[in-house]
Amino acid sequence: MSTFLKNNELTKLGGLNNSNYLLKSNNKKYVLRIPGKDNKNNFYYENSILNLVQPLNICPDIIYHSKDNGILISKFIESSQISIDIYNSKNFLNTLTFTLKKLHNLEYNNNFNPFEVIEN
């Protein structure tokens, strides 16, 4: 990992709960996410879910993810802003529906109890 982080350039990106950076290293682009101090995500579960969805090709490739502190490095995907016309297009909506169906058909064993979350 230390070789990966040599000769790089960091550019701050937006984010509400995390510090996000565009990381340029060895002529490749990545996104570095450093969770904010108030981030209460369960990074162990997040890691499991990232591994589960990776074969679906619906998220960037994960280079590194810490189950302990949630630091994440993923490949950067070049894109542009999507216009309202594209959002409203039948093709976009069909693709979105198909992708959500694939995602929701995955099986994941997690004992999520919303009442426990509220109490804590």
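Scan the stretch 93-110 residue by residue and report those that are outside any loop (DSSP other than H, G, I, E, B) and of a type outside the set (A, V, I, L, M, F, W, C). Residues satisfying the conditions are N94, T95, T97, T99, K101, K102, H104. When the criteria are applied in full, E107 meets the requirement of being in contact with a helix residue (DSSP H, G or I) (Cβ under 9 Å, 6 or more places away or on another chain) and modelled with pLDDT under 90. Within the stretch 86-93, can one find any residue that is out of contact with any helix residue (DSSP H, G or I) (no Cβ under 6 Å at 6 or more places or on another chain) and surrounded by 11 or more Cβ atoms within 10 Å (Cβ to Cβ)? Looking through the stretch 86-93, at least one residue is out of contact with any helix residue (DSSP H, G or I) (no Cβ under 6 Å at 6 or more places or on another chain) and surrounded by 11 or more Cβ atoms within 10 Å (Cβ to Cβ).
Taking every residue in the stretch 24-43 that is crowded, with 17+ Cβ neighbours inside 10 Å and pairing it with any residue that is among the β-branched types (V, I, T) and part of a strand (DSSP E or B), at least 6 positions away or on another chain, the pairs with Cβ-Cβ distances below 9 Å are Y30/I63; Y30/I73; V31/I73; L32/I73; R33/I73.
Taking S79, is it surrounded by 10 or more Cβ atoms within 10 Å (Cβ to Cβ), among the hydroxyl-bearing types (S, T, Y) and at negative phi?
no
Scanning the stretch 55-77 for residues that are under 20 Å from N20 (Cβ atoms) and free of Cβ contacts under 8 Å to residues at least 24 places away in the same chain gives C59, D61, I62, H65, S66, I77. Counting residues in the stretch 95-104 that are surrounded by 13 or more Cβ atoms within 10 Å (Cβ to Cβ), in contact (Cβ under 8 Å) with a residue 40 or more places away in the chain, touching a Phe, Trp or Tyr at 6+ places or on another chain (Cβ under 8 Å) and of a type outside the set (S, T, N, Q) gives zero.
The values are calculated or read from the model by the stated rules, or taken from the named source; none is laboratory data. Given the structure is predicted, the values throughout are model-derived calculations rather than measurements. We place every Cβ from the backbone using ideal geometry, glycine too, and count neighbours over all the protein chains shown.
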